[in-house]
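Okay, so here's the structure we're looking at.
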Amino acid sequence: MIKIFQLLRVRVFVLLAFSSLVFINQCGPFSAKSHDQPAPAVIAATSQEISTDARFDSHIAELKKRLPSKEFTVITQPPFVVIGDEPATVVNEHAVTTIKWAVDRLKQDFFTKDPKYILDIWLFKDAVSYQKHTRILFGEEPTTPYGYYSSTLKALIMNIGTGGGTLVHEIVHPFMEANFPACPPWFNEGLGSLYEQCGDVNGHIYGFSNWRLPGLQQAIKQGNTSSFKNLTAMDSNAFYSDGKGINYSESRYLCYYLQEKGLLVKFYQEFQTHQKEDPSGYKSLQKVLGTSNMDVFQKRWAKYVLALKQDFELRPL
Ligand SMILES: [Zn+2]
């Protein structure tokens, strides 16, 4: 595994926006090249199957009436429609090398059902476009510089200038909603954020350690993490009220640990199957880890996390 990480090491840059640090979250088949697997060809993403689908046709016809300017390109990439204001070839490349790439791999390992509705993925080229168009199209002010998923708007609204990784993070959410609607926030966000820095390892989606690591290591040292019993039991209010993002990081690196031990897919299946009697996933976690003593396990996990290094280096632009 160490060898793979060395092969896949790439640089990630930090840029300044929204008056605070914004990280580039990168995802996609870039790493496939290290494994001699062909990168997907950039092709017109509109498939024959969907262009004849009346549902998509009428959706796109309505969408075109709402486009804020002629700069926008619309591409069908089932189960999504992708709309972006970068050059058409670039929008098409995101549709194929990030969206299709991630959807294929997420469905291969986790999800059997597509989202119930056609969802729009808006890819705004930079922070200015993202803020302006989110206001014009949805009457909202973004609360994150990266992008977000709104089930109410049936849309993923992205600042694609911050990289494709956040897009993959957000793609996890509508799939989770369709396949595991009762999924608690820790696993929904843990899996989403695992893949905000991802690549292809042996044909599977794979999350790498990323910018969330140093903050988590500091929280572990200061004793500011939650017990896994408490983390997994958190409802949305408790989980999202953590302004420092420690709940996200802790969940991400619990998923990362499972991935590294080859247990992540097994855990997802176990948890989904037993969700009624184990709504937090805590018992499934114990079962898959083969331990009932979670205090001992958490100490082992903390030691493991403290020894991790970022696969993706960060430096200011
Ligand atoms: Zn999320």
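Scanning the stretch 52-78 for residues that are buried (at least 19 other Cβ atoms within 10 Å of the Cβ) and assigned to a loop (DSSP other than H, G, I, E, B) yields a single hit, PHE72. Just one of the numbered conditions (1) at pLDDT below 95; (2) over 17 Å from the mean Cα position of the chain (by Cα); (3) surrounded by 19 or more Cβ atoms within 10 Å (Cβ to Cβ) is not true of TYR146: (2). Only one of the numbered conditions (1) within 23 Å of VAL168 (Cβ to Cβ); (2) within 16 Å of the ligand (Cβ to nearest atom); (3) of a type in the set (S, T, N, Q) is violated by SER241, and that is (1). Scanning the stretch 256-302 for residues that are in a helix (DSSP H, G or I) and over 20 Å from ASN230 (Cβ atoms) returns GLN259, GLU260, LEU264, VAL265, LYS266, TYR268, GLN269, GLU270, GLN272, THR273. The single condition among (1) among the β-branched types (Val, Ile, Thr); (2) more than 16 Å from the ligand (Cβ to nearest atom); (3) at pLDDT 95 or above that ILE171 does not meet is (2). Among the residues of the stretch 177-203, those that are at pLDDT 95 or above and surrounded by fewer than 23 Cβ atoms within 10 Å (Cβ to Cβ) comprise GLU177, ALA178, ASN179, PHE180, PRO181, ALA182, CYS183, PRO185, ASN188.
Residue count for the stretch 145-157 satisfying the condition of being outside any loop (DSSP other than H, G, I, E, B) and more than 12 Å from the ligand (Cβ to nearest atom): 2.
Residues are listed down the side, and each one gets a yes or a no for (1) assigned to a loop (DSSP other than H, G, I, E, B); (2) touching a Lys or Arg at 6+ places or on another chain (Cβ under 9 Å):
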site	(1), (2)
LEU167	no, no
PHE175	no, yes
GLU189	no, yes
SER193	no, yes
GLU196	yes, yes
GLY199	no, no
ILE205	no, yes
PRO214	no, no
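Of (1) under 19 Å from TYR253 (Cα atoms); (2) more than 15 Å from the ligand (Cβ to nearest atom), GLY192 satisfies all except one. Which? For GLY192, the failing item is (2).
Would you confirm, using the coordinates I've provided, whether TYR117 is within 30 Å of LYS266 (Cα to Cα), at pLDDT below 95, within 16 Å of the ligand (Cβ to nearest atom) and outside any helix (DSSP H, G or I)?
no
The values are calculated or read from the model by the stated rules, or taken from the named source; none is laboratory data. Computed from a predicted structure; not experimentally measured. All Cβ positions, even for glycine, are placed from backbone atoms using ideal geometry, and neighbour counts span all protein chains on display.
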